[in-house]
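Heads up, the thing below is written out as structure tokens.
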Amino acid sequence: MTSTRSVRKVLARAVKVSAHSAYDLTGRSINDLPEYFLSVKVAEEVHKHFKSFTFSMETPMSQLVKETQMDIEGECPSLRLGGKGKVDMVIRGNKSKNVKHIVEFKKHIGVKEIEKDALRLAAICLCTPGGHKAEKNFLVVVTHRNEALLNVRDINIKALISEKFGEGTIKVTFEKIDLSPLKSTKSNGINWPLLGGVWEFKYVG
């Protein structure tokens, strides 16, 4: 990987490398494998770039709230920050093990599920104490749907976050991932082109 301090760009590059690796290791496309495969391979690739990072998987939301001393009063309970769910991956400091960023993974871009994750990630940005690294979090997707739908989801997510949190409170940045010439091996999308993307959610006040 080229030198960059952008976690978003490193995640995008890691997804691309992992997608090619999936074919080499299993003969199947990355969207046709368990989500855990995607998260572990991405963590391995990100660690190659950021040696100061370590990772935890399937961290309970209740543990995350406690670790970061998140304020779950006001709006936050309605966004399930105090609930029983888990987050797919937590990026942590290698030495301190402190929470830096939260990453969720999706292998489909159905509007309800992807918006639910986007809302929770944005809420974590808002409710984490000021200046905490977890004011910036990420949603990673790989899919065999067409690029036009991916663009629509970007519009959907940005509109939803603006509506729920107020315009300019949470900055949403989208990074497309070029996965060509890889094709899907999933039964409901055989030979469809693979697509990917990373949404970055950042509290800006």
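Of the residues 162, 187, 21, the one that moves most in a GNM of the chain with alpha-carbon contacts below 10 Å is 187. Once the 1.4 Å probe is applied to the protein heavy atoms, segment 144-205 comes out at 53 Å² accessible per residue. Net charge dipole, the chain: roughly 460 debye, given to the nearest 20, about the Cα centre with Cβ charges of +1 for Lys and Arg and -1 for Asp and Glu. For GluC sites (Glu not before Pro), the sites in segment 1-74 that DSSP calls loop and that have at most 14 other Cβ atoms within 10 Å are 73.
Here the extension length gained between residue 47 and residue 9 equals 12.3 nm, from 0.36 nm per residue of separation less the Cα-Cα distance. Helix 7-26 and the longest principal axis of the C-alpha atoms of the chain enclose an angle of approximately 40°. Residues whose amide H lies under 5 Å from that of residue 106, counting only those 5 or more places away or on a different chain, are 140, 141, 142; hydrogens are built 1.01 Å from N in the peptide plane.
Each label was represented as a point 7 Å from its Cα along the Cα-to-Cβ direction; for residue 66 and residue 159 these points are 4.0 nm apart. Of the accessible area of the chain, computed with a 1.4 Å probe over protein heavy atoms only, carbon and sulfur atoms account for 50 percent. For the pair segment 84-143 / segment 14-42, the C-alpha centres are spaced 20 Å from each other. For segment 83-128, trypsin sites (Lys or Arg not before Pro) meeting the loop criterion (DSSP other than H, G, I, E, B) and having at most 10 other Cβ atoms within 10 Å: 84, 95.
The values are calculated or read from the model by the stated rules, or taken from the named source; none is laboratory data. If you're wondering where the values come from, they're calculated on a predicted model, not measured in any experiment. Methodologically, a virtual Cβ is constructed for each residue, glycine included, from the backbone with ideal geometry; neighbour enumeration extends over all protein chains shown. The area values use the complete protein model at the heavy-atom level, side chains included, leaving out ligands, DNA and RNA. Shrake-Rupley method; radii C 1.70, N 1.55, O 1.52, S 1.80 Å.
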